[in-house]
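Rule-based calculations on the coordinates, nothing more; no lab input. If you're wondering where the values come from, they're calculated on a predicted model, not measured in any experiment. We place every Cβ from the backbone using ideal geometry, glycine too, and count neighbours over all the protein chains shown.
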Amino acid sequence: MPDNATTPARLPPALWLILVIVFINFAGFSLIIPLLPFYGHALHASPVAVTLLFAAYSFGGIFGELWWGRLSDRIGRRPVLIGATAATALSYVAFAFVPNLALALVVRVATGFFSGTVGVCQSVIADVTRPEDRARSIGLLGAALNLGFAIGPAIGGLLATPELGLAGFRLPILGSALVAAGASAWSLLVLVESHPPGVARALPKWGEALHHVAGDPLLARLFAIAFIGIGAFASMEAVFGLWTAHNFGWSAHDVGLTFVAVGLTGFTAQIMLIGRATRRWGEARVVMGGLVVLALSMLLQPVLRNPVAAVVLMSTLMAGHSIAFPSAGALISRSTAANVQGSVNGLLMASNALGRIAVPPLFGAIYAGVGPDWPYYAGTVLAGVALLIGARVVGLRDMALKETVA
């Protein structure tokens, strides 16, 4: 048997650079996450408006992923990564000095748009790796993302001084700008073009994909699970700072340190657990397991109401998220015909982003209108609905496997 059939190829130098760029970008993005509730308070924002600050980034990201991916086909990956990350840096500078909530929301949308380059990074990986090595490379991309997510919030929390008002948030936000500028400079100096300029890929045929997904019982249920679960997780991120400040008097520093544990847990789950779990139990059952962890983490948060438990449960929430939704995405890809893969994956990305946009403001309204604990109970109910759907997914997947064997 040839060596390359059993031995993974050495990672190309361009891949290491992309991993560094993704790490830097997500460290800069996540640096701001623990600050947003306190930053919103300094802007006299309601809980709903604070969750809108979270959702605005994802709203911009939908259009960014479409635009930058197609532009990178036309002019090459390198200039897109250089230009988009430089523009991200400028948007962070603007965010540091916004005088009111309306402008803050506009700038967050712009930051999401300019940061929507994960698809471009994945395209670089596809350009420089062998097909049989791409799954491993995409896994490393997820690990770099989660590591950046772990380190960024700690820096943000340590650098912020909320008692100074808006001015107290400028140093960490400008730190995000510096990190993004570093990613742009790193791309300029080191990145070698992996894709010659050519014709832009077609826009995702979302109508065709929607018809295909709606007509497939397994895919339709997996899409519903991903929308519900990702929306609920994003909502927990958005309300966590508000809830801990209300219950424990936590500062941006405390929330930032919590997100270190959260990010490291996600990193560990992606590296250590997900591959072994899916090989042993299959993607459908791993999705169910992740949803159970997600539901319990949300339910126990207001029940235990303890600072240590808050850190542990937010971390297990990330573990459930990191286990369930990559597995759901993999099962969607595995269950989709080759001729509609691109459109279905584009629809999935849009659906996930819509969950991050639409659900957090709803949970912000629940927080403000019903009470601080109720977003957790509402999230538990949503996870319960996803579990009921997931039980049918397991049945459908088992039937499909039996038919394949037969």
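Odds and ends about this structure:
- Whether the stretch 244-283 is rounded, prolate or oblate, judged on the alpha carbon gyration tensor where a/c under 1.5 counts as rounded: prolate
- Sorted from longest to shortest, the spans of the Cα atoms of the stretch 205-406 along the three principal axes equal 58, 35, 25 Å.
- Neighbour net charge for Phe240 - beta-carbon separation under 13 angstrom, K R +1, D E -1: -3
- The charge dipole of the chain, taken about its Cα centre with unit charges on the Cβ of Lys, Arg, Asp and Glu (plus for the first two, minus for the last two), comes to roughly 460 debye.
- Within the shell of other residues whose beta carbon sits under 14 angstrom from the beta carbon of Ala337, the net charge comes to 0, with Lys and Arg scored +1 and Asp and Glu -1.
- Helix-only arithmetic for the chain: the sum of -39500 (n - 2.57) across DSSP H runs with n ≥ 4, divided by the residue total, places the mean residue ellipticity at 222 nm at -27500 deg cm²/dmol.
- In terms of its alpha-carbon gyration tensor, the stretch 11-203 comes out prolate; a/c meets the 1.5 threshold, and the first ratio a/b outweighs b/c.
- Selection from Gly384, Gly289, Val344, by position along the positive dipole direction of the chain (Cβ): Val344
- Distance (nanometres) between label positions extended 7 Å along Cα→Cβ at Ala94 and Val381: 3.9 nm
- Residue with peak Gaussian network fluctuation, the chain [Cα springs, cutoff 10 Å], from Pro372, Pro196, Pro162: Pro196
- Sites listed here are chymotrypsin sites (Phe, Trp or Tyr not before Pro) in the stretch 87-187 whose DSSP assignment is loop and whose Cβ has at most 15 other Cβ atoms within 10 Å: Phe97.
- Distance from the stretch 143-220 to the stretch 315-385 (C-alpha centre basis), Å: 18 Å
- Calculated FRET value between Leu158 and Leu188, using beta carbons and R₀ = 35 Å, to 0.05: 0.75
- With 0.36 nm allotted per residue and the present C-alpha distance subtracted, the Arg334-Leu362 stretch has 6.8 nm of extension available.
- Lys/Arg +1, Asp/Glu -1 at C-beta; the chain dipole; positive extreme among Ala143, Val124, Leu36: Val124
- Candidate membrane-span-like segments in the chain, meaning DSSP H helices with Cα atoms spread over at least 30 Å of their own axis and a Kyte-Doolittle mean of 0.0 or above, are 47-75, 134-159, 217-248, 283-304, 307-334, 341-369, 374-405, with no membrane implied.
- Charge tally in the Cβ shell below 12 Å around Phe54, where Lys, Arg are +1 and Asp, Glu are -1, Phe54 excluded: +1
- Considering only Ile138, Ile228, Ile32, the mean-square fluctuation computed in a Gaussian network model of the chain, springs between alpha carbons under 10 angstrom, is largest for Ile138.
- If you plug the beta carbon distance of Met272 and Leu296 into 1/(1 + (r/R0)^6) with R0 = 22 Å, you get a FRET efficiency near 0.65.
- Listed residue (Gly369, Trp243, Ala214) projecting farthest to the positive dipole end of the stretch 205-406, Cβ model: Ala214
- Simple label model, 7 Å out from Cα along Cβ direction - Val106 to His44, nm: 1.9 nm
- Fully extended contour minus Cα-Cα distance, from Trp374 to Lys402, at 0.36 nm per residue: 5.9 nm
- Inter-label distance, nm, simple model (7 Å from Cα along the C-beta direction), Lys205/Ile75: 2.9 nm
- Debye, to nearest 20: dipole size of the stretch 205-406, +1 on Lys, Arg Cβ, -1 on Asp, Glu Cβ: 440 debye
- Recomputing semi-axes √(5λ) of the Cα gyration tensor in Å from the coordinates shown identifies the correct label among (i) 32, 28, 19; (ii) 44, 30, 24; (iii) 37, 22, 20 as (i).
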